[in-house]
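Student: Could you have a look at this structure, given as structure tokens, before my questions?
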């Protein structure tokens with residue numbers, strides 16, 4: 001089993017996966033900054049100066065040291081916007097990679 005593990009590591013799959021995870025994490029930070037620092041202020045401006053991340057529905061107010069109970073849908077909107085951006089970029093990367101791999105179609109002659 002140790003020999004199989006060494007072969008697995010040597011194939012480069014693990015290295016490719018590690019690079020993908022590291023790049024994905026860095027890309028996630030970029031998208032997070034794009035949404036929070038650029039898109040949300042623009043959207044908030046159009047909504048009358050509302051900060052999306054602070055949008056919430058308070059179910060129970062804070063009393064003393066007991067924290068409030070709230071549905072924080074603004075944070076959900078931020079994460080949804082981030083997801084859509086990441087999904088679109090991944091779609092474009094896959095689409096570009098697939099177009100590079102396309103082989104010319106064989107033209108069938110009519111019988």
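Laboratory data are not the source of any read-out in this text; all were calculated from the coordinates shown. Since we're looking at a predicted model, the values are computed, not measured. Backbone-built Cβ (ideal geometry, glycine too); neighbour counts: all protein chains shown.
Student: For the chain, calculate the relative contact order in percent as a whole number, restricting contacts to Cα pairs under 8 Å that are 6 or more residues apart.
Tutor: Computed over the chain, the figure is 18 percent.
Student: Related question: How far is helix 13-33 tilted off the main Cα axis of the chain, in degrees rounded to 10, range 0 to 90?
Tutor: 30 degrees
Student: Angle, helix 73-101 long axis vs. longest principal axis of the chain, Cα atoms, 0 to 90°, nearest 10?
Tutor: Roughly 10 degrees, rounded to the nearest 10.
Student: Obtain the radius of gyration and the Kirkwood radius of segment 65-105 from its C-alpha atoms and give Rg over Rh.
Tutor: 1.45
Student: While we're on this one: Please arrange 51, 37 by how many other C-beta atoms lie within 10 Å of their C-beta, fewest to most.
Tutor: In increasing order of surrounding Cβ atoms, one gets 37, 51.
Student: Only counting other Cβ atoms within 10 Å, I'd like 53, 33 sorted with the fewest neighbours first.
Tutor: 33, 53
Student: Just the C-alpha atoms of the chain: what Rg/Rh do they give, with Rh taken as the Kirkwood radius? Please report the intermediate quantities before stating the final value.
Tutor: Numbers: Rg = 23.6 Å, Rh = 18.9 Å.
We get a ratio of 1.25 for the chain.
Student: How would you rank 72, 101, going from fewest to most other Cβ atoms within 10 Å of each one's own Cβ?
Tutor: Working: 72 14, 101 7.
Arranged by neighbour count, lowest to highest, 72, 101 become 101, 72.
Student: Further question: Would you kindly state how much longer the chain becomes between residue 6 and residue 30 on full extension, computed as 0.36 nm times their sequence separation minus their alpha carbon distance, in nm to one decimal?
Tutor: Residue separation times 0.36 nm, minus the Cα-Cα distance, leaves 5.2 nm.
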